[in-house]
Amino acid sequence: MLVSYSPYDLSLPLLYADHSRVETWWNYQDVISPFYRLYLITKGKGKVYINQKGYELLPGQLFLIPKFAFHSYECDDFMEHYYICFFDETTGGKGISNPMKMNLQVEATAMDYSLMERFLALNPYKSLPAVDPKQYDNNRNIYAKEDGVSISTFSNRVESSGILLQLFSRFITEECLLLPEGNSLYEKLDVTIQYINKNLEQRISVSTLADLMCITSDHFSKVFKRIVGMPPCEYIQMKRIERAQTLLLTSHMSIVEIAEKVGISNLSQFSRLFSKMIRCSPREYRLRQFNALKSDNHLRHETKVSP
């Protein structure tokens, strides 16, 4: 079954990006991540094994490691490359249905190099926090978001989003949009995450998510925490507050309506959880961001009319 997508639904939230050189120490085994890794190789060579299949990484190639792909790294000498690590999200909560069916290796074009250089210029100081992926892959800190919003920052994000979507499009195949058979435990985990994103208005129980994976609730909770970096209930709360932030900035809905829209019908509970995670109340958050945007608008207008 082919999933119905709109290109405007897909977003690719950025985690890390930089240009790096790895050497013989780049030899990490049995890595599993809830996000994608995109490489553009510039010098040297390396090797990545995905589900025990080997891929040689050579200069002039774009390479993608899909989310939840069981993989290992190998380098006999050195390899220089650009990298971008990112999630995939859609408004419908689907993401890419079958990422292992993407075209994982393609030849880079001159445009790809230009896009990558521009992307890094727009996103400085985004280097990986450590060389060992097991030190950052499954850590809740990868879900932290910046609080500030400004027109200039928003403009950069829009451009960055367009560049990353363009690079990501190089790997899309018709097969990757088909619903997966879901035989892999990690493919099934992705299905549960998609389910969470799509059903934030509803009550979501751990037992329901465990049933989607055909495993016990205890086993599900352990697998989820090991791969995603936090317990499922905490992840659900985080996604609800993220959705609330978006609605506060992009809609005229009341705070009561927003609380219900994200599945927290008790307003006091919603306000406490929002304040705990964002460090201000929902009302303060909306007012603060509105004032920041108004201030940026005023500053841009003054700059434009000044001699």
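The values are calculated or read from the model by the stated rules, or taken from the named source; none is laboratory data. A quick note: this is a predicted structure, and the numbers were derived from the prediction, not measured. Using ideal geometry, Cβ is built from the backbone for each residue, glycine included, and neighbour counts are taken over all protein chains shown.
Which one is modelled with the lowest pLDDT, of the residues in the stretch 266-292 that are in a loop (DSSP other than H, G, I, E, B) and loosely packed, with under 13 Cβ neighbours inside 10 Å? So that I can check it myself, show each step before the final result.
Initially, the stretch 266-292 is screened for residues in a loop (DSSP other than H, G, I, E, B), giving 266, 279-281.
Restricting the remaining residues to those that are loosely packed, with under 13 Cβ neighbours inside 10 Å gives 266, 279.
Numbers: 266: 95, 279: 90.
Among those residues, the one meeting the criterion is 279.
Is there a residue in the stretch 172-186 that is buried (at least 16 other Cβ atoms within 10 Å of the Cβ) and within 29 Å of residue 264 (Cα to Cα)?
yes
Looking at the structure I just gave you, is residue 17 farther than 27 Å from residue 184 by Cβ and either of a type in the set (Gly, Ala, Ser) or buried (at least 18 other Cβ atoms within 10 Å of the Cβ) (or both)? Give the steps one after another, and end with the answer.
Values: farther than 27 Å from residue 184 by Cβ: yes; either of a type in the set (Gly, Ala, Ser) or buried (at least 18 other Cβ atoms within 10 Å of the Cβ) (or both): yes.
Here the answer is yes, as residue 17 does meet what is asked.
Looking only at residues that are under 15 Å from residue 109 (Cα atoms) and of a type in the set (Ser, Thr, Tyr) in the stretch 36-82, which one is surrounded by the fewest Cβ atoms within 10 Å (Cβ to Cβ)?
The residue in question is 42.
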